[in-house]
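J.: Next up is a structure, given as structure tokens.
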Amino acid sequence: MSRRPPRGEYIETDTGNKVARKATLVGTQNIMLGGKTVIMPEAMIRGDLVRTLQPSPSSSGAAPNNTAVAIGRYCFLSRGCCLRPPGRLYKGLFTYMPLRLGDHVFVGPGSVVQAATVGNYVHIGAKVAIGEFAIIKDYVRILDDTVVPPNMVIPSFSIVAGQPARVIGEVPEGGHEAFELRELYKTVGNNPQPAPV
Amino acid sequence: MAAPSSSKRHSILPPAQAGPKPPVQFSSSITIADSAILIGTHPITISTESVIHPRAQLNSLGGRITIGRRCIVHERSTVGAVGTEGGRGAGGTAEQSGVTLGDYVTVEVGASIETGDTVVGEGTNIGVGSKIGGGAVVGKHCTLTPYTVVAAGDVIPDYTVIYSNGLRRQDRRGVAELRNKGQARQIEVLKRMIPSSPAKFQ
């Protein structure tokens, strides 16, 4: 029974992305959305923090790849979350590195993601902090209030919680269905449909 | 719960600044994003080469804000939040000190530092979403991991690491110097990336 939000709260693109007008996207030209992605109000993406060192400096001709944040299909960025590319010193120079999100990634409200890579079908709870250059594989569930330390690698099918984060369990057999975000995608936007019970 | 849904269109512009425009004292070499939020009545001082990210909030309602050299204040953090406890809130006398950040301090995303003579020492890193109460004194080269809460009036010695919901230990790696160098490198890069508009606040 969701209340119908005021008209035009979201901008819906041809590829099915739903971006709230009240989301803060900085450096939009460096943010790639795969399609069918929902960005809720007050979410923030720092696309202006692009990589300063190009991997192959002599590659003239080809346009430099300036993507700072790449997001796959059916991702869901909740209210107040923040995605920012991780940065570090590399060969004596500071550089930001691109942040990649796979498909069907849910980012809970108030979470801050500074990972290097987030795989497919990942559920990140509310108020989670993901440290710089963490790598999260597929089908991972991160519970609320978790602090994932920098550079942590979380294997597939793990359930993670704690401050600092630890693997506390495994996704049970047949538990994959819960990661699917197609239904959730339909419940927001300018013409939201009620969630199936 | 059926509240009447207003059909008015929402502006994409950031909301107008609430409160008065504070007197500022900027060094010429700082980088401050256009969408940073500066409010309050007491002076705000930012020293050389510090970086204020977009949507960071500096609030001098409860006292003056002093930011040292080569500090980085990340997006959505609040320096000088009017606290619920310990903080004096608005209406202090003219020369009250609100928050003092030493040199090379990093305030990460969504962290908040309450006002009321709060001091953060040189080289300290305040993690994502942390909260420092009013009147707390954080020593030099401390590391506060994400979502750390420092109570109002607490004193934290130099080189302390606070982690895992309040556990503390001493940092004996001796990397303070290196961390400061890294910070300087990071600021060089940020300077080129963040369009600076100090004139907007002056």
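The values are calculated or read from the model by the stated rules, or taken from the named source; none is laboratory data. Not measured: the values here are computed from a predicted model. Cβ atoms come from the backbone with ideal geometry, glycine included; neighbour counts cover every protein chain shown.
J.: Name the residues in the stretch A:122-140 that are surrounded by 24 or more Cβ atoms within 10 Å (Cβ to Cβ) and more than 14 Å from every other protein chain (Cβ to nearest Cβ), would you? Don't jump to the end; show me each part of the working.
T.: Step one: filter the stretch A:122-140 for residues surrounded by 24 or more Cβ atoms within 10 Å (Cβ to Cβ), giving A:122, A:124, A:128-130, A:136, A:140.
A:VAL122, A:ILE136, A:VAL140, listed by residue number.
J.: I would also like to ask the following. Across the stretch A:15-35, what is the total count of residues that are facing another protein chain (nearest Cβ under 9 Å) and either in contact (Cβ under 8 Å) with a residue 24 or more places away in the chain or farther than 19 Å from A:THR187 by Cα (or both)?
T.: 3
J.: While we're here: Give the stretch B:127-157 a look and list any residue that's surrounded by fewer than 18 Cβ atoms within 10 Å (Cβ to Cβ) and in contact with a Lys or Arg (Cβ under 8 Å, 6 or more places away or on another chain), or say none.
T.: Passing the criteria: only B:VAL149.
J.: Quick check on the stretch B:166-173. Is at least one of its residues in contact with a strand residue (DSSP E or B) (Cβ under 8 Å, 6 or more places away or on another chain) and crowded, with 16+ Cβ neighbours inside 10 Å? Please lay out each step first, then the result.
T.: Here is the first cut: in the stretch B:166-173, the ones in contact with a strand residue (DSSP E or B) (Cβ under 8 Å, 6 or more places away or on another chain) are B:166, B:168-171.
Then drop every residue that is not crowded, with 16+ Cβ neighbours inside 10 Å, which leaves none.
No, the stretch B:166-173 contains no residue that is in contact with a strand residue (DSSP E or B) (Cβ under 8 Å, 6 or more places away or on another chain) and crowded, with 16+ Cβ neighbours inside 10 Å.
J.: Which of (1) buried (at least 22 other Cβ atoms within 10 Å of the Cβ); (2) touching a residue at least 40 places away in the same chain (Cβ under 8 Å); (3) more than 14 Å from chain B (Cβ to nearest Cβ); (4) not basic (Lys, Arg) is the odd one out, the single condition A:ASP103 does not satisfy?
T.: (1)
J.: Against the definition (on the phi < 0 side of the Ramachandran plot, at pLDDT below 60 and of a type outside the set (D, E, K, R)), how does B:PRO15 come out, yes or no?
T.: Values: on the phi < 0 side of the Ramachandran plot: yes; at pLDDT below 60: yes; of a type outside the set (D, E, K, R): yes.
Answer is yes for this residue.
J.: Checking A:VAL148 against (1) under 29 Å from A:LYS186 (Cβ atoms); (2) touching a Gly at 6+ places or on another chain (Cβ under 6 Å), which test does it fail?
T.: Every condition holds for A:VAL148 apart from (1).
J.: Follow-up question, since we're still on this one. Scan the stretch A:147-197 residue by residue and report those that are among the small types (Gly, Ala, Ser), within 14 Å of chain B (Cβ to nearest Cβ), assigned to a loop (DSSP other than H, G, I, E, B) and on the phi < 0 side of the Ramachandran plot. Let's see the steps before the verdict.
T.: Of the stretch A:147-197, the ones among the small types (Gly, Ala, Ser) are A:156, A:158, A:161-162, A:165, A:169, A:174-175, A:178, A:189, A:195.
Keeping just the survivors that are within 14 Å of chain B (Cβ to nearest Cβ) gives A:161-162, A:165.
Subsequent filtering for residues that are assigned to a loop (DSSP other than H, G, I, E, B) retains A:162, A:165.
Across the stretch A:147-197, the qualifying residue is only A:ALA165.
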